[in-house]
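Visitor: One structure, pasted below without further comment.
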Amino acid sequence: MKNNYSNEHSDHGHSHHEHNHHEHTSHEHHNHEHHEHEHHDHSGGHHHHHHGNFKEIFFKSLPIGLLIMLMSPLMGLTETGLIEFPYSDIVVVILSTILLFYGGKPFFQGALHEFKQKEPGMMALVSMGVGVSYLYSVYAVISRYVTGAHIMDFFFEFASLILIMLLGHWLEMKALGNASDARQSLAELLPKEATLMDENDEAITKPISELEIGDIIRVQAGENIPADGVIQRGESRVNEALLTGESKPVLRSQGDEVIGGSTNGSNQLLIEVTEVGESSFIQQVQHLVTQAQGQPSRAEDMASKIASYLFYIALGAAIIAFFAWLFIADLQTAITYTVTTLVIACPHALGLAIPLVVSRSTSLGANRGLLIKDREVYELTSKADYIVLDKTGTLTTGEFNVLDTEIIDGALSNEEFLGLLAGIESGSSHPIAQSIVSFVESQDIKPFNFDDTSVISGEGVKGNYQGKEYQLISQKAFDQNLEINSPAGATVSILTLDGKALGSVALGDELKPSSKELMQILKDNNITPIMATGDNESAAKEVAEELGIEYHANMTPQAKYDLVESYKNDNKTVIMVGDGVNDAPSLALADVGVAIGAGTQVAIDSADVILTQSDPGDIEDFIELSIKTHRKMNQNLAWGAGYNFFAIPLAAGILAPIGFSLSPAVGAILMSASTVIVAFNALTLNLDEK
């Protein structure tokens, strides 16, 4: 990837005073429909989430399931259902068959997938319980008609299991939202067509896919640049913030390179196309994002792991119970114990353990402006080693503010100097001019009334006040050595009168108030903060030293990607926080990608977490929420699974020789109790008050 793109965004060479009334194309036009994004499933783990719409399946299955439960014996506590009429058990068999094929379908599909992967887990466990309870219950009803003997059926358990499992999946899907694609958002940065200038200097419109290297294209003010190229004619401020994350529009003139997808601010440009297709900046970022999304996740899905153990334990216990009871008693007893074991092994509480916590966690997060798209985030954040943070707009405000003013001519009072500064700038709508004016006004000093002001191209502004011509120009344009103690990384302008310096103003990007506190909290949680920025060395060093953290400057998208990859190769878990297109590949590659809300649609699509308020303090909330949520998940898994580990051997009749066996009725009551405990525990999840 071409390094020269994102290295010199700071543009210190040019004065920031060509007042081109730059329309700062802020990112607000990306109406962040956050809830329409789904995480790129880089886990390969949540295969079952793709089988149909759980909400629809749940609501269509609900009446059938409730009818079955009302017409079936209640877990062995009653002989008959609450609703009973002649042949009502035949109606239950018909309804259960419909429910099995409709409500049970996503679980059987999921189980099939797990067996293909040779990793039976939650889906296999549910399918086994559902299948066995259905088949045994149909057998029980048939044998009641054939032999007249009363054999208990499990239709109640069968229906309740399907409904609870569908509910759990729907809750989790609802909490975590659905997909959108970073690659599509990247493509949308480029216009569909370009205006091409032919040999006779006439404009023709051509789709950008047909552009060739060497074509000359015309880009009007306010348009997005259709391809990477070099400016042949014209000078304009180009806003590359969407691509590089750097906030300041940069001056680009003849001979300078521009990136396709950036926005031409103020004047018409003629650009010679230098890169098309695969080698263009946006295509390379797309390629990196695709590559990153193909990486498997390193989250260990504990619920699946536990379900996998339970599957083998239940199967083993059932087989042992069958042969043991066949040997001790008879076939009918053996079948009853075997079926009871497999039905009780079914994880009602386990199926709700995670979704209820996720549901609670996402609503708590949403109240704080945190949107989380994947539940693996909680676990990975809890064990993170590094957090890589972008500088501009993440740790700093991303806006230019007056950092320092210095008077050089001792005859001038502070009030006069600031009055002159604001006066010469007050006619301009340029973001930097406005930050000077608002700084002066915040000191309760009125701008002096200049008779007229105008732009000195490439240098600054000049204006007349009380018959004298003042200039506010860049340090480079002033071109004399001045002893100024300006903050590192700041852009300095000099106010002059008749070529003599009166004073200087330093402008730069300020640290956000909550950045320092965040660094401390990260270190307290054993997460090492690293700053990676496309900005220059001096600006990066200044911020990193103030925060007391490691940093990397002049980072291209490829360099950020390589940095994250190097940590992952060392087997470290990495969180990446960013806001621009240049962060998208590393957001997708990191174990947890966190997009700052004022960032680009592309960053939002490639991230797992969105912080809607762009405040570093929200990163702190997110880390607290993740650690607490992960803890609750583990507690719930322990409860949900603990019940099963304890109930399976009892259901298999391990204590029957001493007169104690767990009847399906008692098993079912215990099962409901563990589900209630799990639900209550999920609701106790809370964040500290701010």
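The values are calculated or read from the model by the stated rules, or taken from the named source; none is laboratory data. Just so it is clear, the structure is predicted and the values come from calculations on it, not from any experiment. Neighbour counts are summed over all protein chains in view; Cβ atoms, including those assigned to glycine, are modelled from backbone coordinates with ideal geometry. The accessibility values were calculated without ligands, DNA or RNA, using every heavy atom of the protein model including side chains. Shrake-Rupley method; radii C 1.70, N 1.55, O 1.52, S 1.80 Å.
Visitor: At a Förster radius of 35 Å, what calculated FRET efficiency corresponds to the Cβ-Cβ distance of Ala638 and Glu84, to the nearest 0.05?
Guide: On the way: r = 40 Å, r/R0 = 1.14.
Working from the Cβ atoms, E equals 0.30.
Visitor: A further question on this structure: Would you kindly compute the Cα radius of gyration of the chain and its largest Cα-Cα separation (Dmax), both in Å?
Guide: Cα only, the chain: 33.3, 117 Å (Rg, Dmax).
Visitor: With 10 Å bins from zero, work out the P(r) of region 502-594 over every alpha carbon pair and list the percent per bin.
Guide: Pair shares across the bins are 15, 44, 33, 5, 3, 0.
Visitor: Among Ser606, Pro347, Val440, which residue has its Cα furthest toward the positive end of the charge dipole of the chain, with +1 on Lys/Arg Cβ and -1 on Asp/Glu Cβ?
Guide: Pro347
Visitor: At most 15 other Cβ atoms within 10 Å and a DSSP loop assignment: could you name the trypsin sites (Lys or Arg not before Pro) in region 137-198 that fit?
Guide: Working: sites: Arg144, Lys174, Arg183, Lys192; in loops: Lys192.
Answer in residue order: Lys192.
Visitor: Taking the Cα centre of region 307-407 as the origin, how large is its charge dipole in debye, to the nearest 20, when only Lys and Arg (+1) and Asp and Glu (-1) carry charge on their Cβ atoms? Write down the numbers at each step before the final one.
Guide: Working: 6 positive and 9 negative charges, 96 e Å.
Dipole magnitude for region 307-407 comes out near 460 debye.
Visitor: On the protein heavy atoms, probe 1.4 angstrom, tell me the percent of accessible surface of region 487-562 carried by carbon and sulfur.
Guide: Values: 1290 of 2820 Å².
The C+S portion of the solvent-accessible surface of region 487-562 is 46 percent.
Visitor: What does the C-alpha gyration tensor say about the overall shape of region 560-642? Classify as rounded when a/c is under 1.5, otherwise prolate if a/b is larger than b/c, or oblate.
Guide: Details: a/c = 2.59, a/b = 1.51, b/c = 1.72.
Taking the square roots of the gyration eigenvalues as a ≥ b ≥ c, region 560-642 is oblate.
Visitor: Right, another one. Rounded to the nearest 20 debye, what is the charge dipole size of the chain about its Cα centre when +1 sits on each Lys and Arg Cβ and -1 on each Asp and Glu Cβ?
Guide: Numbers: 40 positive and 87 negative charges, 816 e Å.
For the chain, the charge dipole is close to 3920 debye.
Visitor: Compute and list, largest first, the equivalent-ellipsoid semi-axes of region 422-564 from the alpha carbon gyration tensor, each √(5λ) rounded to a whole angstrom.
Guide: On the way: eigenvalues 280, 60, 35 Å².
Semi-axes, largest first: 37, 17, 13 Å.
Visitor: In terms of modelled amide H atoms, which long-range or inter-chain residues lie less than 5 Å from the amide H of Ala194?
Guide: Long-range HN contacts for Ala194: Lys206, Ile208.
Visitor: Continuing with the same structure: Please work out the C-alpha center-to-center distance from region 533-571 to region 418-486 and express it in whole Å.
Guide: If you average the Cα positions of each part, the centres end up 34 Å apart.
Visitor: Where does the longest stretch of the chain lie that holds no chymotrypsin sites (Phe, Trp or Tyr not before Pro) found in a DSSP loop with 11 or fewer other Cβ atoms within 10 Å? Let's see the in-between values first.
Guide: On the way: sites that count: Tyr87, Phe660.
By the stated rule (loop sites, at most 11 other Cβ atoms within 10 Å), 88-659.
Visitor: Put +1 on the Cβ of every Lys and Arg and -1 on every Asp and Glu Cβ in the chain; which of Ser626, Thr392, Leu189 then has its Cα farthest towards the positive end of the dipole?
Guide: Ser626
Visitor: What ³J(HN,Hα) values, in whole Hz, does the Karplus curve 6.51 cos²θ - 1.76 cosθ + 1.60 give for region 468-476 when θ = phi - 60°, with x put for Gly and Pro?
Guide: 10, 9, 9, 10, 10, 10, 5, 4, 5
Visitor: Go through Ser88, Gly467, Ser538 and say which Cα lies farthest out towards the positive end of the charge dipole of the chain; charges sit on Cβ, +1 for Lys and Arg, -1 for Asp and Glu.
Guide: Ser88
Visitor: Return the long-range amide H neighbours of Glu550 (sequence gap of 5 or more, or a different chain), with a cut-off of under 5 Å between placed amide H atoms.
Guide: Met531
Visitor: Going down the list Lys174/Lys391; Lys174/Lys512; Lys305/Lys632; Lys391/Lys568; Lys516/Lys560, which pairs span over 26 Å between their C-alpha atoms?
Guide: Details: Lys174/Lys391 33 Å; Lys174/Lys512 34 Å; Lys305/Lys632 17 Å; Lys391/Lys568 21 Å; Lys516/Lys560 23 Å.
Over 26 Å Cα-Cα: Lys174/Lys391; Lys174/Lys512.
Visitor: State the Cα centre-to-centre distance between region 145-201 and region 105-121 in whole Å.
Guide: Region 145-201 and region 105-121 have Cα centres separated by 17 Å.
Visitor: Taking every DSSP beta bridge that has both residues in the chain, what percent is antiparallel when rounded to the nearest 5? Display every interim value, and only then the final one.
Guide: Working: 58 of 76 bridges.
Rounded to the nearest five, the antiparallel share is 75 percent.
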